[in-house]
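Since the structure comes first, as C-alpha cells, the remarks are kept for the end.
The values are calculated or read from the model by the stated rules, or taken from the named source; none is laboratory data. Quick caveat: nothing in here was measured; it's all calculated off a predicted structure. For neighbour counting, all protein chains shown are included, and Cβ atoms are generated from backbone atoms with ideal geometry for every residue, glycine included. These area figures cover heavy atoms from the full protein model, side chains too; ligands, DNA and RNA do not enter into them. Shrake-Rupley method; radii C 1.70, N 1.55, O 1.52, S 1.80 Å.
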Amino acid sequence: MRYGRLADLVRLAMQMQGRADGLSLDDIGETFEVSRRTAERMRDAIRDAFPQTEELVEPGGRKRWRLPPGAAGRLADPNVDDIAALHRGAELARQSGDLVTADHLDALSDRLRARLSAPKRARLEPDIAALLEADGVALRPGPRERIPDETLNMLREAILAGAWITVDHRARATGLLSRNARLGPLAMLLGEGRQYLVAFSDYAQDVRLFALAGFERIELTADIFQRPTDFNLGAWMQRSFGIWQEDVYDVVWRFTPEAAPDARLYLFHPTQVMTDEPDGSLTVSFRAGGLREMCWHLFRWGNQVEILSPSELRSAMVTQVDEARRRYL
C-alpha cells in the first residue's frame, strides 16, 4: 500500500527498530492519531520497504511488529533539527540549574553527531547556533540558582530507587538548620529562579517543599519509601499559583483593553477561565493559593490589571506596593 506521509513512515520505522517488543496496530493508531485502517496501511508500507520486519504474537493473540537492529540503516541518522533540539534542551536545563541533565544531553548530542558524515558535521554548528538564537534560548537572561551536581544526582537516585533519605537542610526563610531530617523524595521542581524538592516529611507526616539550595548533606538509606497512593503531583501543584501551598481562593483579575491581547496568550493557572468583556477588557478567574507569588507576577502588569477578588489578595498587593514605595522614596 502506498502511504504519502513519508516523515511519519520514517518515524514509524525508527520506533519499530527502537522497541524490543515492537508495535501493535493500536500503538500505531495512538501515536500517529490515525484510524485502524490507516495504521494497517502504515504497517504494510513498512513491511513492503523492509522485508525483514518481524511479526510477534502475544499470548492473547494480538500481533506486534518490529525491525531488527540496523534494519533502518541511514534512516536512523540524526538531522540538524534533532541535534538542535538536544542543544536546546541542554541549554534550558543549564539555565534552570539542572547541570546534570544538561551534561547528559550534551553527551547524547555528541554520540548522535558522531554518526554523521564530516561535511554534514561541518555544516551543523552554524545551523544549530541560528536555530537557538531564533528560539531565544542562547540569549535568554535572568537569575537562577546554581545547584551542586552531587545534590541533583543524589536526589535523582533516591527518587528512582524509592528510598528514604536523611538530610541536613537549612530553611530559606529562617536560616535554621534541621539535622537528620527524614524525607521521602517525590519530585524536583526545576526552572528559572528558585528550585525545590517535593518530599514527604516523616516529621510533618505530609508533603512539603524543600529548597534545593538548602541541602547541606544528603544520605540515602536502605529503607524503602512507599509513595503515598493518593498523592498526585499535578493535582498538588494546581492548588497553588506558584510553588507555595496555601489556602485556596477564588481569584479574579481584570486586564485593561490595552493589556487584554497579551494576557490572552498566558496560561496563568491550569484551572483558569477567560471572559472577554464588552469594553474589550479581559477577566481571568481560577482557584489557587500562593497570594505572595500572585503579587510578584502582577507587578509586571503595572496598572494594566485590577484584582477583583479575593480581598486578601488586594490587601497583600497594597502591602507589597507600600513596601516598595518606602524603599525608594
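Among (1) closer than 30 Å to residue 148 by Cβ; (2) of a type in the set (Val, Ile, Thr); (3) open to solvent by 60 Å² or more (accessible area, probe 1.4 Å), there is one condition residue 57 misses while meeting the rest; what is its number? Tallying (1) closer than 30 Å to residue 148 by Cβ; (2) of a type in the set (Val, Ile, Thr); (3) open to solvent by 60 Å² or more (accessible area, probe 1.4 Å), residue 57 fails exactly one: (1). Of all residues in region 281-310, those being more than 14 Å from residue 254 (Cα to Cα) and either among the aliphatic types (A, V, I, L, M) or over 28 Å from the mean Cα position of the chain (by Cα) (or both) number 2. Please determine whether any residue of region 223-232 is outside any loop (DSSP other than H, G, I, E, B), among the β-branched types (Val, Ile, Thr), open to solvent by less than 70 Å² (accessible area, probe 1.4 Å) and within 30 Å of residue 164 (Cβ to Cβ). Looking for residues that are outside any loop (DSSP other than H, G, I, E, B), among the β-branched types (Val, Ile, Thr), open to solvent by less than 70 Å² (accessible area, probe 1.4 Å) and within 30 Å of residue 164 (Cβ to Cβ), one finds none in region 223-232, hence no. Which condition breaks for residue 208 when tested against (1) out of contact with any helix residue (DSSP H, G or I) (no Cβ under 6 Å at 6 or more places or on another chain); (2) open to solvent by 30 Å² or more (accessible area, probe 1.4 Å); (3) at pLDDT 90 or above? So residue 208 meets the others, but not (3). As a summary of the residue check, residue 167 satisfies the conditions (1) part of a strand (DSSP E or B); (2) hydrophobic (A, V, I, L, M, F, W, C); (3) in contact with a helix residue (DSSP H, G or I) (Cβ under 6 Å, 6 or more places away or on another chain) except for the one numbered (3). Go over the candidates 125, 91 one by one and state the one that is over 20 Å from the mean Cα position of the chain (by Cα), outside any loop (DSSP other than H, G, I, E, B) and either farther than 30 Å from residue 156 by Cα or modelled with pLDDT of 80 or more (or both). Of the residues listed, the single one that is over 20 Å from the mean Cα position of the chain (by Cα), outside any loop (DSSP other than H, G, I, E, B) and either farther than 30 Å from residue 156 by Cα or modelled with pLDDT of 80 or more (or both) is 125.
State the number of residues belonging to region 264-291 that are closer than 12 Å to residue 306 by Cβ and of a type in the set (A, V, I, L, M). Counting residues in region 264-291 that are closer than 12 Å to residue 306 by Cβ and of a type in the set (A, V, I, L, M) gives 2. Among the residues of region 258-295, those that are part of a helix (DSSP H, G or I) and among the acidic types (Asp, Glu) comprise 262, 293.
Among the residues making up region 296-315, those that are at pLDDT 90 or above, open to solvent by less than 30 Å² (accessible area, probe 1.4 Å) and assigned to a helix (DSSP H, G or I) are 298, 313. In the condition set (1) open to solvent by 30 Å² or more (accessible area, probe 1.4 Å); (2) among the hydroxyl-bearing types (Ser, Thr, Tyr); (3) over 27 Å from residue 116 (Cβ atoms), residue 24 is compliant with all but (1).
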